[in-house]
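Engineer: I have a structure here, written as structure tokens, and I will follow up with some questions on it.
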Amino acid sequence: SDCPLLPVVGGELSVPLQGGGEARAVNLDYAASAPALESVATHLSEVLPYYSSVHRGAGYASQVSTAAYEHARDIVGGFVGARVGDAVVFTRNTTDALGLLASAVPGETVLLDIEHHANLLPWSAEGGRGARVVQAGQTIAETLLLVEAELQARPAALLTVTGASNVTGETLPLRRLATIAHRHGARLAVDGAQLVPHRRVDLAFDGVDYLAFSGHKTYAPFGAGVLVGRRDWLDAAPPYLRGGGAVTSVTLDGAAWRLGPARHEAGSPNVLGVVALARAIQAIDALDDAEWHDHESALRERLLTGLEALPRVHVNRIFSDSVDPVGVVSFHIDGLDARLAALVLSAEWGIAVRDGRFCAHPLLERIGQGKAAVRASFGLGSSTADVDALLHALSELLENGPAAGYSEVDGQWQL
Ligand code: PMP
């Protein structure tokens with residue numbers, strides 16, 4: 001963990017500091033969007049000359065683009081252990097992929113109260129087909145019992161859970177959740193936005209029926225997402241986007257809609273985003289699993305040990321029995337506003353973290369009385385120097401406070 005496991009673009013950037021001078025940019029905001037792997041950027045520059053419309057163009061570049069786009073489907077499917085009969089549908093991002101799934105579920109959905117809004121809002125509130133929210137317990141073991149009780153009490157079509165929390169990095173036991181869901185006739189969907197960039201997911205092995213994730217969090221920040229999973233519901237669902245490419249024939253009275261991924265991918269797709277995603281996945285696939293895991297868990301341990309030694313800092317955790325979380329850590333600081341802390345880290349130290357409620361308001365209500373927190377997240381391009389920079393800056397901040405120049409306007413800190 002002393003150096004990056006794979007080189008990323010921007011790893012050596014400098015940023016200006018308040019008060020003059022500059023510093024190496026320290027990116028601890030991978031969970032929002034991860035940097036591109038250098039191999040992804042190189043590949044894109046090789047593919048860009050052949051960038052053209054897919055599927056319907058007869059020109060050579062169109063054929064190359066189409067082949068690359070469809071090959072990407074195979075790469076993604078292979079990487080996540082898709083089964084025969086699974087579809088790989090390209091979307092804009094995880095939000096879009098979960099929205100697509102929500103439009104295809106033939107019944108009610110059960111979910112937990114710890115979800116990112118992307119895995120909450122499509123099912124509940126306006127427009128959803130009906131979601132039943134189970135309040136997670138203090139432990140994962142208790143939470144599994146609560147989920148099982150809910151499914152037993154009343155059948156549901158789908159159980160949808162986050163693979164890894166974007167607030168705490170804690171992971172859920174997918175195989176056990178799949179067994180519980182299947183025992184009661186439900187399918188399991190996983191919001192893999194924060195899991196896929198950190199851990200290998202195998203749909204067939206884990207028993208996961210649907211998986212959604214984003215390219216921009218998986219080292220391909222070019223705006224493609226994926227929904228992979230059982231094709232039958234997707235084929236029976238109304239087309240998610242209506243337009244060219246999703247139909248076999250159209251009259252003024254109606255259309256014959258295609259089956260398979262094309263049914264939901266109308267319009268010109270994000271070819272380069274998809275190609276970038278596939279290349280990032282190939283790079284991840286080539287990693288030694290143990291090395292990948294140890295790189296990130298060593299950084300996490302170092303960060304946690306350092307944070308625990310700081311006064312007034314409280315690391316967030318949902319479950320008391322979770323094991324082996326991914327590289328996402330959030331914390332509250334007594335007496336220090338999260339926005340202000342994040343501003344200082346950026347302006348005075350060149351360190352990028354996230355602050356806020358991370359699109360998980362119900363979860364932040366649960367673990368921090370609704371108060372904003374600071375989140376540090378990292379991955380393949382991170383090193384101990386990044387973690388140490390954050391710990392050093394935080395301890396200085398806690399000791400000396402921010403430099404002059406910050407003011408609070410309408411409850412929001414500004415520089
Ligand atoms: N789920 C989780 C757990 C996330 O962390 C995020 C992104 N913050 C999303 C879903 C949504 O991803 P996207 O913005 O790429 O749609």
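Engineer: What is the residue count in segment 143-170 for residues that are touching a Gly at 6+ places or on another chain (Cβ under 9 Å), under 20 Å from residue 203 (Cα atoms) and more than 11 Å from the ligand (Cβ to nearest atom)?
Structural biologist: Qualifying residue count, segment 143-170: 3.
Engineer: Let me ask you something else. Residue check, residue 122 against (1) at pLDDT below 95; (2) more than 15 Å from residue 193 (Cβ to Cβ), all met but one. Which one?
Structural biologist: Condition (2) is where residue 122 drops out.
Engineer: Continuing with the same structure: Give the residues of segment 81-114 that are away from the ligand (no atom under 16 Å from the Cβ) and surrounded by 15 or more Cβ atoms within 10 Å (Cβ to Cβ), sorted by residue number.
Structural biologist: Keep residues of segment 81-114 that are away from the ligand (no atom under 16 Å from the Cβ), which gives 81-88, 104-108, 110.
Scanning segment 81-114 gives 81, 82, 86, 87, 88, 104, 105, 108, 110.
Engineer: In segment 33-57, what residues are part of a loop (DSSP other than H, G, I, E, B) and either surrounded by fewer than 18 Cβ atoms within 10 Å (Cβ to Cβ) or more than 18 Å from the chain's Cα centre (by Cα) (or both)?
Structural biologist: Here is the first cut: in segment 33-57, the ones part of a loop (DSSP other than H, G, I, E, B) are 33-36, 51-57.
Of everything in segment 33-57, those that are part of a loop (DSSP other than H, G, I, E, B) and either surrounded by fewer than 18 Cβ atoms within 10 Å (Cβ to Cβ) or more than 18 Å from the chain's Cα centre (by Cα) (or both) turn out to be 33, 51, 52, 53, 54, 55, 56, 57.
Engineer: Being assigned by TED's automatic domain parsing to the domain that holds residue 261 and within 16 Å of the ligand (Cβ to nearest atom), is that true of even one residue in segment 71-78? First the steps, then the outcome.
Structural biologist: In the first step, residues of segment 71-78 are kept if they are assigned by TED's automatic domain parsing to the domain that holds residue 261; the result is 71-78.
Filter once more, keeping what is within 16 Å of the ligand (Cβ to nearest atom): 76.
Yes; the residues of segment 71-78 include at least one that is assigned by TED's automatic domain parsing to the domain that holds residue 261 and within 16 Å of the ligand (Cβ to nearest atom).
Engineer: So if I check each of 260, 243, 207, which one is more than 16 Å from the ligand (Cβ to nearest atom) and out of contact with any strand residue (DSSP E or B) (no Cβ under 9 Å at 6 or more places or on another chain)? Give the derivation first.
Structural biologist: Numbers: 260 fails: out of contact with any strand residue (DSSP E or B) (no Cβ under 9 Å at 6 or more places or on another chain); 207 fails: out of contact with any strand residue (DSSP E or B) (no Cβ under 9 Å at 6 or more places or on another chain).
Of 260, 243, 207, the one residue that is more than 16 Å from the ligand (Cβ to nearest atom) and out of contact with any strand residue (DSSP E or B) (no Cβ under 9 Å at 6 or more places or on another chain) is 243.
Engineer: Of the residues that make up segment 127-136, is at least one among the basic types (Lys, Arg) and surrounded by fewer than 19 Cβ atoms within 10 Å (Cβ to Cβ)?
Structural biologist: The first filter runs over segment 127-136 and keeps only residues among the basic types (Lys, Arg), leaving 129, 132.
Then keep just the ones that are surrounded by fewer than 19 Cβ atoms within 10 Å (Cβ to Cβ); that gives 129, 132.
Looking through segment 127-136, at least one residue is among the basic types (Lys, Arg) and surrounded by fewer than 19 Cβ atoms within 10 Å (Cβ to Cβ).
Engineer: Are any residues in segment 308-337 surrounded by fewer than 21 Cβ atoms within 10 Å (Cβ to Cβ), under 19 Å from residue 378 (Cβ atoms) and touching an Asp or Glu at 6+ places or on another chain (Cβ under 6 Å), and if so, which ones?
Structural biologist: Result: 322, single match.
Engineer: Moving on to the next point. Quick one: which of 220, 181, 212 is away from the ligand (no atom under 16 Å from the Cβ) and aliphatic (A, V, I, L, M)? Reasoning before the result, please.
Structural biologist: On the way: 220 fails: away from the ligand (no atom under 16 Å from the Cβ); 212 fails: away from the ligand (no atom under 16 Å from the Cβ).
From the options 220, 181, 212, the qualifying one is 181.
Engineer: Within segment 223-240, how many residues are within 14 Å of the ligand (Cβ to nearest atom) and over 19 Å from residue 78 (Cα atoms)?
Structural biologist: Within segment 223-240, the first condition is being within 14 Å of the ligand (Cβ to nearest atom), and the residues that meet it are 223-227.
Narrowing further to those that are over 19 Å from residue 78 (Cα atoms): 223.
Adding up the residues that qualify gives 1.
Engineer: Exactly one condition in (1) buried (at least 17 other Cβ atoms within 10 Å of the Cβ); (2) in contact (Cβ under 8 Å) with a residue 40 or more places away in the chain; (3) in contact with a helix residue (DSSP H, G or I) (Cβ under 9 Å, 6 or more places away or on another chain) is false for residue 265; which is it?
Structural biologist: Condition not satisfied by residue 265: (3).
Engineer: Condition test on residue 199, is it farther than 15 Å from residue 98 by Cα and away from the ligand (no atom under 14 Å from the Cβ)? Walk me through how you get there before you give the answer.
Structural biologist: Numbers: farther than 15 Å from residue 98 by Cα: yes; away from the ligand (no atom under 14 Å from the Cβ): no.
Considered against the rule, which asks whether it is farther than 15 Å from residue 98 by Cα and away from the ligand (no atom under 14 Å from the Cβ), residue 199 comes out as no.
Engineer: Against the definition (out of contact with any Phe, Trp or Tyr (no Cβ under 6 Å at 6 or more places or on another chain), modelled with pLDDT under 95, assigned by TED's automatic domain parsing to the domain that holds residue 210 and closer than 25 Å to residue 176 by Cα), how does residue 83 come out, yes or no?
Structural biologist: Values: out of contact with any Phe, Trp or Tyr (no Cβ under 6 Å at 6 or more places or on another chain): yes; modelled with pLDDT under 95: no; assigned by TED's automatic domain parsing to the domain that holds residue 210: yes; closer than 25 Å to residue 176 by Cα: yes.
Against the criterion (out of contact with any Phe, Trp or Tyr (no Cβ under 6 Å at 6 or more places or on another chain), modelled with pLDDT under 95, assigned by TED's automatic domain parsing to the domain that holds residue 210 and closer than 25 Å to residue 176 by Cα), residue 83 does not qualify.
Engineer: Could you grab me the full set of residues in segment 321-364 that are under 23 Å from residue 21 (Cα atoms) and in a loop (DSSP other than H, G, I, E, B)?
Structural biologist: Within segment 321-364, 350, 353 qualify.
Engineer: Something else about it: Any idea which of 312, 317, 300 is outside the structural domain of residue 114 (by TED's automatic domain parsing), in contact (Cβ under 8 Å) with a residue 60 or more places away in the chain, basic (Lys, Arg) and under 30 Å from residue 76 (Cβ atoms)? Please lay out each step first, then the result.
Structural biologist: Details: 312 fails: under 30 Å from residue 76 (Cβ atoms); 317 fails: under 30 Å from residue 76 (Cβ atoms).
Selected residue: 300, the only one of 312, 317, 300 that is outside the structural domain of residue 114 (by TED's automatic domain parsing), in contact (Cβ under 8 Å) with a residue 60 or more places away in the chain, basic (Lys, Arg) and under 30 Å from residue 76 (Cβ atoms).
Engineer: Quick check: anything in segment 338-353 of a type in the set (D, E, K, R), touching an Asp or Glu at 6+ places or on another chain (Cβ under 6 Å) and at pLDDT 95 or above? If you could, list the steps in order and put the result at the bottom.
Structural biologist: The initial filter retains those residues of segment 338-353 that are of a type in the set (D, E, K, R), namely 339, 348.
So of that shortlist, the ones also touching an Asp or Glu at 6+ places or on another chain (Cβ under 6 Å) come out as 339.
Narrowing further to those that are at pLDDT 95 or above: 339.
Yes.
Engineer: State yes or no: is residue 19 more than 25 Å from the chain's Cα centre (by Cα) and not assigned by TED's automatic domain parsing to the domain that holds residue 168? Reasoning before the result, please.
Structural biologist: On the way: more than 25 Å from the chain's Cα centre (by Cα): yes; not assigned by TED's automatic domain parsing to the domain that holds residue 168: yes.
Yes.
The values are calculated or read from the model by the stated rules, or taken from the named source; none is laboratory data. Worth saying up front: this structure is predicted, and the values here are computed from it rather than measured. Don't worry about glycine lacking a Cβ; one is built from the backbone with ideal geometry, like all the others, and counts go over all protein chains shown.
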